[in-house]
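A short worksheet on the structure shown next.
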Amino acid sequence: MLMFRAWEIRTYRIDIEEDIEKFTPELSFKHFEKIALYTIKHIVQWIVLACVKLWYLLITKGKILIQNRLPKINKLLKKDSIGDPRKISFVQRAIIESKIKIKKVKEKIKKEHEEEIKNDENEVDKF
């Protein structure tokens, strides 16, 4: 079959069609969807960051305005610390306890890992 095809090409019995197609990128719906999601993600992030930035600016400017120009309102809004300042709040206590638990788990895993390594070395030495 290959020899026949070569004979056809040599004797010009068949027209050789060259693929002279212009490059047309094939963009699928999936590709457009990825581009759209990517741009939407960045737009939403930009909007959120802009809102948070404006919120913090307004809060800080408001605090400065109340502290300097309206001292009576500042006294009303000021939090009075009632109780012992040395007493730890519930949230702080929970955070400290969770940190301690995490450390204990890390130490336990480290000890188990070291024991496994020692056991593996002992088994290798036995052979």
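Some values worked out for this structure:
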{"quantity": "Breaking point among (1) at pLDDT below 75; (2) assigned to a loop (DSSP other than H, G, I, E, B), for Lys87", "calculated": "(1)"}
{"quantity": "Residue within the range 90-97 that is charged (D, E, K, R) and at pLDDT 80 or above present", "calculated": "yes"}
{"quantity": "Residue tally, condition at pLDDT 75 or above, of a type in the set (S, T, N, Q) and surrounded by fewer than 10 Cβ atoms within 10 Å (Cβ to Cβ), over the range 1-46", "calculated": "2"}
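The values are calculated or read from the model by the stated rules, or taken from the named source; none is laboratory data. Treat the numbers as computed from the prediction; the structure is a model and nothing was measured. Please note: Cβ atoms are built from the backbone with ideal geometry, for glycine as well, and neighbour counts cover all protein chains shown.
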